[in-house]
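Shown next, in structure tokens, is the structure this report addresses.
The values are calculated or read from the model by the stated rules, or taken from the named source; none is laboratory data. Just so it is clear, the model here is predicted, and its values are computed rather than measured. Positions of Cβ are generated from backbone atoms using ideal geometry, with glycine treated the same way; all protein chains shown enter the neighbour counts.
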Amino acid sequence: MKTLHFGETTVSRCVESEGPSFFPGFIFPDCDPDAFEAERRDWLDPHFVDADSGRLLMSLHSYIIKTPQHTILVDTCVGNHKHRPDTKPWHMKDGPFLEDMVAMGVTPESVDFVMCTHLHVDHIGWNTKLEDGRWVPTFPNAKYLFHEDEYAHWKTAEMPEGSGNTRREAYDDSVLPVVEAGQAVMVSDGHQLEDSVYVESSPGHTPGHAFLHLDSPDGRAVFTGDCMHHPVQVAYPEWNSRYCFDPPKSAATRREIVERCADTDTVVLAAHFADPVAARIVSNGTRWKLDLDIG
Ligand SMILES: [Zn+2]
């Protein structure tokens, strides 16, 4: 993804990992194979499906928004040294994500806000890092924004100790230390980080899922988190992922944002779309597709 410019504000992404991932029928239980293949031929190939395996091409990345006032990080991937035995590539990971961020000119100290669209394990990992055997906030000067409904859900969710309970561990090692350090800010619909940057509630995928909007005189973008996991959901917003907490609500929220953005100048930036990532939504007959040629 090329760095996007909205006047003096820039948006870039720092990639933790990218490549072939799920088969479409696994992550989208309602996926119709013939319909998928038709979208593939029409516009998904070659960017969003691996030609050899037929697996979806997906990415784990953070967005870095630099406005004249602030440096804002959107979602923080999987993180290093985290105990995630039920997802092998994520378990005790040791990758160069932070070094890559520094190479992009973003030091941990320079981050003012960390926005977590939701509190799933692949969106909170770099919230913390291991230091002398303790999990501490990776970004020492940042306020971490968690939607109040999302935090309330995970705080009280039944996540008993035991194997396969990554979400309990993720809360304990990537959310709680931030709260205990006094760096967490619980936000709600409409919360403004600055004049042109604000939070919008978008429940469904998780109870307190939230979008972040950049809405400036120089252009608009929306960071949609996991409302859509893959671009095919632009064409088929009714296809929920198997990880959606409230499938009907998730589908309704997804359709609403697709319809709202379609044929406008709003750039859509999802948490797992593969390169070139950034796109506008345009009408495509009775459905929609991504226009990747956003200039
Ligand atoms: Zn995710």
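So that you can scan it fast, the table gives a plain yes or no per residue for (1) at pLDDT below 95; (2) within 14 Å of the ligand (Cβ to nearest atom); (3) of a type in the set (Gly, Ala, Ser); (4) surrounded by fewer than 22 Cβ atoms within 10 Å (Cβ to Cβ):
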position	(1), (2), (3), (4)
TRP154	yes, no, no, no
GLY162	yes, no, yes, yes
ARG167	yes, yes, no, yes
ASP172	yes, no, no, yes
GLY190	no, no, yes, yes
HIS213	no, no, no, yes
CYS227	no, yes, no, no
ALA235	no, no, yes, no
PRO247	no, no, no, yes
Report yes if some residue within region 103-115 is over 24 Å from VAL197 (Cβ atoms), within 16 Å of the ligand (Cβ to nearest atom), in contact with a Phe, Trp or Tyr (Cβ under 9 Å, 6 or more places away or on another chain) and among the β-branched types (Val, Ile, Thr); otherwise report no. no
In region 222-295, which strands (runs of 3 or more DSSP E) lie fully inside it and hold 2 or more residues that are among the aliphatic types (A, V, I, L, M)? 267-270, 280-284
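Is region 162-173 home to any residue that is part of a strand (DSSP E or B) and not hydroxyl-bearing (Ser, Thr, Tyr)?
Looking through region 162-173, none of the residues is part of a strand (DSSP E or B) and not hydroxyl-bearing (Ser, Thr, Tyr).
Results for (1) more than 16 Å from the ligand (Cβ to nearest atom); (2) part of a loop (DSSP other than H, G, I, E, B); (3) more than 22 Å from TRP288 (Cα to Cα); (4) over 17 Å from the mean Cα position of the chain (by Cα), shown as yes or no for each residue.
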| position | (1), (2), (3), (4) |
| --- | --- |
| PHE26 | no, no, yes, yes |
| ASP30 | yes, yes, no, yes |
| ASP42 | yes, no, no, yes |
| GLY54 | yes, yes, no, yes |
Quick check: anything in region 273-286 within 15 Å of the ligand (Cβ to nearest atom) and of a type outside the set (Gly, Ala, Ser)? yes
